[in-house]
2 protein chains.
Amino acid sequence: MAKAAAGGAGAAGGRPLRADARRNRVRVLDAAEAAFAAKGAAASTEEIARAAGVGVGTVFRHFPTKKDLLMAIMEARLERVCALADALVDEGDPATGFFTFFGWMVEQAAAKRTVMDLVDQEGIALERAEPTQALRRAVGALLDGARRAGTVRPDAALPEVLALLTGTCQAAMRAGWDARLRERTLTIIFDGLRPAGAR
Amino acid sequence: MAKAAAGGAGAAGGRPLRADARRNRVRVLDAAEAAFAAKGAAASTEEIARAAGVGVGTVFRHFPTKKDLLMAIMEARLERVCALADALVDEGDPATGFFTFFGWMVEQAAAKRTVMDLVDQEGIALERAEPTQALRRAVGALLDGARRAGTVRPDAALPEVLALLTGTCQAAMRAGWDARLRERTLTIIFDGLRPAGAR
DNA sequence: CTAGAATCGGAGTGATCACTCCGGATGTCA
DNA sequence: TGACATCCGGAGTGATCACTCCGATTCTAG
């Protein structure tokens, strides 16, 4: 059901997809990811279909709604982001893991339009979705580790950290943003996140 | 001519508008400001016309293009913002003026959708427009004052400050944003902007 | 190989939008 | 007050989208 809602149409009964259907599904997913990354949610279904080399009917058979397609891609992206966060939680240095993750997210945002951007631009309520919660937990763990390691101030809580993260990601998508500006902006935010007297 | 560029159609030759035309013009402007504030650039012309109590034809006579209407409103809003910034430059305390302005902008953004948001959502190049430059200058002046007063670190330049400002404004428009979260977020950013060891 | 089911392709549908056009209403000036 | 330029209203236009439908095509089981 969660799978069906996420765009797993055609597999409602659990029957495996035919080989060509499976092939087309990933083609559509790839084309849509590229199109959405480049033009945001304004990318039209027809142009996605053309890029994927299939007809629009095929796109809509796999993803009954444009929203479903959007959500499938966002969940995939969220999972990737989440995987990095989890890896940093498990294996990374707690003192730097949080900052590494923050910087990486912002860097991604400059190239691809942000997950969050697509979310609220379409008014899709993904707040309660499982992957979002997982990401929240992972970032929370990184934040906790950094606080315990003394590299992030103790009074910095998750909501404001997420606000800073999404805000900076959005700023990164604007014209004139480059690596130098990114460094300078992150320097200020990171300094603000450090404990008093620990620059 | 600035007026004509800003959507002053019908006054091309400089002839003053008829009384009813003038009245309708401000009605449209007011309705459009409210509609754009509530729904962003997605607000349709017809609903703006209805809210203003006029026909769509009237809207398009005054503002030949939706873009013109958008720009007229943004320029007006920019001018207001600019006026506050200038007032703080002239009369305020340089040590706090910059922070006051920053906080005020973010607070505005939570209620009305940001100027910047409307700008790039429609792909309108307002970068070179005169009011934008004026705002840039005003914020630059506030920043200079604060740096000289020692309340902002000397290595914080205008581009990253504007990135932080627009990013935070955008974060402020998201769900779950309230006064408490605003304070906590601004605390972190402001601390990051302060000189080392000056919390 | 073949029957039959699963899938495909893309013209067609209905809705929405920005924008146009012109007969009628209204303000203005003598 | 009357004549006339100006302005108004809103039905109409063409373009764009998300989404549907069904004959043609392709896969797969036997």
Inter-copy spacing of B:VAL56 label points, which lie 7 Å from Cα along Cα→Cβ, given in nm from shortest upward: 2.1
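Residues of B:97-107, mean number of Cβ from any other protein chain within 10 Å of their own Cβ, rounded to a whole number?
0
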Taking all pairs of distinct alpha-carbon atoms in chain B, Kirkwood radius in angstrom: 18.3 Å
Computed helical MRE - 222 nm, the protein assembly as shown, DSSP H runs ≥ 4 contributing -39500 (n - 2.57), nearest 500: -23000 deg cm²/dmol
Residue order, fewest to most beta carbons within 10 Å, for A:MET173, B:MET105: A:MET173, B:MET105
Exposure proxy ranking, count of Cβ atoms within 10 Å, fewest first, for B:THR65, B:THR114: B:THR65, B:THR114
Axis-proximal residue, chain A, for the rotation superposing A on B (Cβ, Å): A:GLY192, 1
Percent breakdown of C-alpha pair distances by 10 Å bin, ordered from the shortest bin, for the protein assembly as shown: 4, 20, 27, 24, 17, 7, 2, 0
Shielding by partners - mean other protein chain Cβ count within 10 Å, residues of A:147-159: 2
Relative exposure of A:VAL81, A:VAL26, judged by other C-beta atoms within 10 Å (fewest first): A:VAL26, A:VAL81
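For region B:13-105, what does the alpha-carbon gyration tensor say about shape, rounded, prolate or oblate, given a ≥ b ≥ c as the root eigenvalues, a/c under 1.5 as rounded, and a/b over b/c as prolate?
Prolate is the answer for region B:13-105, as a/c is 1.5 or above and a/b outweighs b/c.
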Cα lying deepest toward the dipole's positive end in chain A, options A:PRO154, A:ALA34, A:VAL59, charges on Cβ: A:VAL59
Quarter of the Cα convex hull surface for region A:125-185, i.e. its orientation-mean projected area (nm²): 5.4 nm²
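Bear in mind that the values in this text are calculations on the coordinates, not laboratory data. Since this is a predicted model, take the numbers as computed values, not measurements. Backbone-built Cβ (ideal geometry, glycine too); neighbour counts: all protein chains shown.
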